[in-house]
Every structure is written in C-alpha cells, then in structure tokens.
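The values are calculated or read from the model by the stated rules, or taken from the named source; none is laboratory data. Note that the structure is a prediction, hence the values are computed from the model and not measured. Cβ atoms come from the backbone with ideal geometry, glycine included; neighbour counts cover every protein chain shown.
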Amino acid sequence: MNTRTLSTLDRFLAGLNDALDAVAGRPAARRPSPAEDVPGAELDDDARRHAAGLMRINHAGEVCAQALYKGQSLLARDAQTREHLLQAAQEETDHLAWCADRLRELDSRPSLLNPLWFVGSLAIGAAAAAASDKFSLGFVVETERQVEAHLAEHIERLPAEDQRSRAVLRQMQEDEIRHADNALARGGVKLPAPIPTLMALTSKVMKTVAYRL
C-alpha cells in the first residue's frame, strides 16, 4: 500500500479542521481525564465562579497551544520536528478536552475570544517556525516553561475543595514539563532576551481577559 505524502495544502486543511474543533467543537481526548476517579465536591457560587474563571484561562491557553503547534508544524523544515510538534499537539488536545469537560461540570463556558486567541497564536507559531526549526523548538521550551509556572499558580489558587480541577491541572503540568524537556533535547535554542518578556506580557493579557470573557 502506498503512503500518501501530505502537501502543505493538505496540512493547512487538516489544521483548519482542527481549528474548528478547538474553537467551536468538542475535541476528543485520547486519554481519560485525570479527574475521572476524583470525587466531586459542592462549591458555593463564589468558589464555583472562581474555579470556572481559572479553568477558562487554561482552556483558552490550550486553544493557543493548539494554534501554536499547528502553525509551527505547518512550516517545520524537518519531518521529525514536524512529527514531534504534532505529537505534542495531540496531548494538548487532551488538555483542551479535559478543560472543556471541567468547565461544563462547573456550569460555565469557554472564553468568548477563543477565535482571536487561536488566530493570533497560529500566526506566532508560523513566525517562529519560519525563523528555523531550532528557534521554533526554543519557542516551545519557553512557552511550556511559562505555562508550567502559571499552572502551578492556578493549582494553588483553586478552591481547596476543587480537587477535580486540581487533578486536571497537575497532569497538564506534568505533560508541559515533558514537552519542554523534549523540545530542548531536540535542539531548541534559548530565545533572545526581549522575546520571553513579550511572551509573558501577552500571556498576562490573555489570562486577565479570559478569566471573565
């Protein structure tokens, strides 16, 4: 049986389908949710709204992650680098589905600005890949390090009784650490000084807005 080699257009169309799933659909996780066997707890209205705001931020962050990885894989020069990015993107799809499930459990919704987050992140990912594969992998390292830090913050800020959300975020944090380590091992380079700061500022804006919208 002949194996078809996907063209750039094929990958673009597949990415467009993934974009629709990420922004408007219900992406399917390959792994069960870490919250699956964690007992639920009654949350008062303030605690529920706060937990939902944090999980909405994390859901929006996973929309961004989908777009970043898709943009990077679209322009990756090396086939193995592209495969690495797509594998990481699949795990981020798990995260997206887990966060969406938890938002529904909290009687809440994703960010209304998810299409904006996706388009902006797709452009950023493509720009990183256009520079070089090593730069693109370095961008993965820095992104995942920053995500790991904000997940640690959210784990602390969640209501004490919300162990279901906390279980999801802990598994996500473990995966993000591995993604960063793998990208570094594949040759990711340290980004120039202004870029990590700009990434952190952009992330802060997204988190502030997504908590409410």
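One table, with the values for the structure above:
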read-out: Answer residue from the range 37-81, given it is touching a Leu at 6+ places or on another chain (Cβ under 9 Å) and in a loop (DSSP other than H, G, I, E, B) and is modelled with the lowest pLDDT among those; value: Ala76
read-out: Residues of the range 167-198 satisfying the condition of being touching a residue at least 40 places away in the same chain (Cβ under 8 Å), among the basic types (Lys, Arg) and not in a loop (DSSP other than H, G, I, E, B); value: Arg170
read-out: Candidates Arg102, Arg109, filtered to the one that is in contact with a Lys or Arg (Cβ under 8 Å, 6 or more places away or on another chain) and either under 16 Å from Leu151 (Cβ atoms) or among the aromatic types (Phe, Trp, Tyr) (or both); value: Arg102
read-out: Which numbered condition Ile155 misses (of (1) among the β-branched types (Val, Ile, Thr); (2) in contact (Cβ under 8 Å) with a residue 40 or more places away in the chain; (3) closer than 14 Å to Met55 by Cβ); value: (2)
read-out: Given (1) modelled with pLDDT of 95 or more; (2) over 19 Å from Glu62 (Cα atoms), number of the condition Gln173 does not satisfy; value: (2)
read-out: Qualifying residue in the range 134-146 (condition: over 16 Å from the mean Cα position of the chain (by Cα) and of a type in the set (D, E, K, R)); value: yes
read-out: Failed criterion for Ala193 (all others in (1) within 18 Å of Ala152 (Cα to Cα); (2) surrounded by fewer than 17 Cβ atoms within 10 Å (Cβ to Cβ) hold); value: (1)
read-out: Which listed residue is closer than 24 Å to Arg82 by Cα, surrounded by 13 or more Cβ atoms within 10 Å (Cβ to Cβ) and out of contact with any strand residue (DSSP E or B) (no Cβ under 6 Å at 6 or more places or on another chain), from Leu184, Leu169, Leu158; value: Leu184
read-out: Hey, Asn114 under 24 Å from Gln80 (Cα atoms), at pLDDT below 95 and not basic (Lys, Arg) or not; value: no
